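See structure below.
Any read-out appearing in this document is the output of simple, stated calculations on the displayed coordinates, not a laboratory observation. As the structure is a prediction and not an experimental result, all values here were calculated from the model. In this analysis, Cβ positions are derived from the backbone assuming ideal geometry, glycine residues included, and neighbour counts consider all displayed protein chains.
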Amino acid sequence: MTTHAPHYQGYLDERSTHHVKGWLRDLNDASSRLVYEVVLPGEAGERVLASGTADAYSDVLVQVGVGDGGYAFTAFFPAPLSMDERDGVFVRPAGSQHRLELAPALRTDPPGVGGPFQGYVDERSVRHVTGWVRDLSDAARRVSIEVVLPDEAGGEAVLAHVSANQPNDVLRQIGVGDGEYGFFVLFGTQLSEAERDRVFVRVRGAAHVLEFSPQLSARFEPIHHVAMDIVNNCNLRCPFCVYDYTDTKKTYAMSEETFRSVLRLIPFVTDGNFWLSCLHEATLHPRLTEFIAMVPREYRHKLFFTTNLAKRQPRAYFEALAQSGMSHINVSLESLDPPVYEKMRKGARFPIFMENWAQLLDVFSTTPQAPGIRYNVMAYRSNFREIPELIRILREQKRAWQVEIRNTFDGPQIASAFRDEEFLSSAEWAELAEALRGYHPDEVILLLPPGGKGYDPEDRAAALALAPRQAAEAPDDADLLPASTEVPAGESQQEWEIAEGPVPRPFNLRVAWDGTLNVYSERVRNPGEPPRHENYFVVNINELEDPVAALLALS
């Protein structure tokens, strides 16, 4: 039997004051897994800081053709080293004098880099990479990152380096600091798919490589959502509505030309986030189902809209929805008790709602791959103790894939009598939260008021005292809009604040019935306050030759 002396190959890729990382194999026996030692030399001799088997799998090794990729290792030290000690550490195969070479792009942790770090790469396409990272030891610090493309020879190219300082509304909503930890990098040239799959992101000057999100997307979708309204009105006047319809005297419908102009965005929008309705009732548009049919079939899974099911519809309407290929439909209701339903959905008739609902469920239950049904329920004193049973019925009998229980976005358009009579107190919100605690967040979403703070007795007194002064000081809507924006005839505009600083990416877009496009963000300035709508850019989409290029050109 002939034996061969080992022919070692490998590199030390990372060497910090806390750890080392690299790979090691025997070229004469590719199936073997080698034991390694991490060694710190000193005046009193060598000290082995760690040892193990180099048998971890590495995608990078596979991509560059290093066997089956199962030769990687990571070892952590029992205690942090000094910078001088770090620079003396080496790795060798156990029982050998062979030392692993230092990689040409050895990563270390120089002073001032910080950490530990938290973050993910959320998207990695042939055109871009996006994600977020923050320094857990210093929430106010903005971390610099670099986007790296390894080559097949073991080297690497840095495609870009930027500061992860962009606002990200999703991070804000889930409470990750101030949310300004995002990065969005467009590549100078389009990569191949093989190159895309090798790209990674690390903290600049450090050894920390960002993990890939469990939902990593390989598509180029720089737009998080398009919150569009194809009409400017609603058929109901719910007493809790976030929108003030006082000045809305006429219904305007989006033209086909404008709709097709907005459709230029849909390939670049994330799944289920191209809205046909945001504030208003899409079923008032006489061509709703025609508009849905105009969307290329391969993009229909990005569509959804919200409806109150208050307008009587023929069966053919529900059949068109069932066969549409849309992501889902949101259905709004508060109660199965007719008086409570009609109180909350002012202008609706409970029998018509039930007739529409029965048709929707019947048609969807007999249509393969029909859109999902998601229910939105506002919580008030009239219905909050009914909500647990309502959720059970929706989930067990009404095809609910998700139920969302919401608090109210309070505003001056809400009558003080309704607020006093119906808004839940902090204790009532806590009671509701306890009743729904057993549901998984993917099944039932409970949107509590900020900080769980309800409308308590002291708030009622403060609201009464403040109301006259607020009415006197409230600015006109037009004063809050950029000078280039016109208020569409007969429609009250949403209040916007002009924002400064980096534009949040991925982009959040609002498109009105007339094509007015806003790039916006929802920012909570102070704990307990509702979000403020900040506008970064406004234009009519019909005026843009290439709307995606215009968005990407924003600083």
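Structure data summary
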| quantity | calculated |
| --- | --- |
| Residue-wise HN-Hα coupling along segment 506-518, computed from phi with Karplus coefficients 6.51, -1.76, 1.60 (Hz; x: Gly, Pro) | x, 6, 10, 10, 10, 10, 8, 4, 8, x, 4, 10, 10 |
| Gain on full stretching of the segment that runs from Trp401 to Ala417 - 0.36 nm per residue minus C-alpha separation | 2.3 nm |
| Protection-proxy order for peptides 95-105, 283-293, 43-53, 124-134, each taking the mean of Cβ atoms within 10 Å per residue, highest first | 124-134, 283-293, 95-105, 43-53 |
| Pairs from Lys346/Lys453; Lys398/Lys453; Lys311/Lys346 whose Cα-Cα separation, in the structure shown, is over 22 Å | Lys346/Lys453; Lys398/Lys453 |
| Furthest towards positive pole of dipole, Val226, Leu360, Ala103, structure part the chain, Cβ charges | Leu360 |
| Low-density loop cleavage sites - chymotrypsin sites (Phe, Trp or Tyr not before Pro) in segment 23-99, where at most 14 other Cβ are within 10 Å (DSSP) | Tyr57 |
| Residue-count net charge about Val148 - beta-carbon cut-off 15 Å; Lys, Arg +1, Asp, Glu -1 | -3 |
| Estimated distance in nm for a label pair at Ala160 and Leu263, the labels positioned 7 Å out from Cα along Cα-to-Cβ | 3.0 |
| Set of segment 208-233 residues, backbone N closer than 14 Å to the point 7 Å along the Cα-Cβ line of Asp59 | 209-219 |
| Within segment 233-316: Cβ-based charge dipole about Cα centre, in debye rounded to nearest 20 (Lys, Arg +1; Asp, Glu -1) | 280 |
| Ascending count of other beta-carbon atoms within 10 Å, so fewest first, for Ser327, Ser521 | Ser327, Ser521 |
| Length gained when the stretch Ala549-Asp197 is fully extended (0.36 nm per residue, less Cα-Cα span) | 124.2 nm |
| Once the Cα gyration tensor of segment 8-107 is diagonalised, semi-axes √(5λ) in Å | 23, 14, 11 |
| Karplus 3J(HN,Hα) series, Hz, for segment 284-297 with 6.51 cos²θ - 1.76 cosθ + 1.60 (x for Gly, Pro) | 6, 6, x, 10, 3, 5, 5, 4, 4, 5, 6, 6, x, 4 |
| Full-stretch length increase - Arg392, Val340 - with 0.36 nm per residue and alpha-carbon distance subtracted | 16.9 nm |
| Relative contact order %, segment 8-107, counting alpha carbon pairs below 8 Å whose residues are six or more apart | 36 |
| Residue among Tyr11, Leu236, Leu394 farthest towards the positive dipole end of the chain, charges placed on Cβ | Leu394 |
| Dipole in debye (nearest 20) - segment 8-107, about Cα centre, beta carbon charges: Lys, Arg +1; Asp, Glu -1 | 60 |
| Helix axis angle, 387-397 relative to the chain longest principal axis, alpha carbon, degrees | 80 |
| Whole-number percent relative contact order across the chain, with pairs defined as alpha carbons under 8 Å at least 6 apart | 11 |
| Value at 222 nm in deg cm²/dmol, rounded to 500, when DSSP H runs of n ≥ 4 in the chain each add -39,500 (n - 2.57) | -5500 deg cm²/dmol |
| Proxy reagent accessibility, fewest Cβ within 10 Å first, across Lys311, Lys250 | Lys250, Lys311 |
| 5 Å binning of all Cα-Cα separations within segment 64-205, expressed as whole percents from 0 upward | 2, 8, 15, 17, 17, 16, 13, 8, 3, 1, 0 |
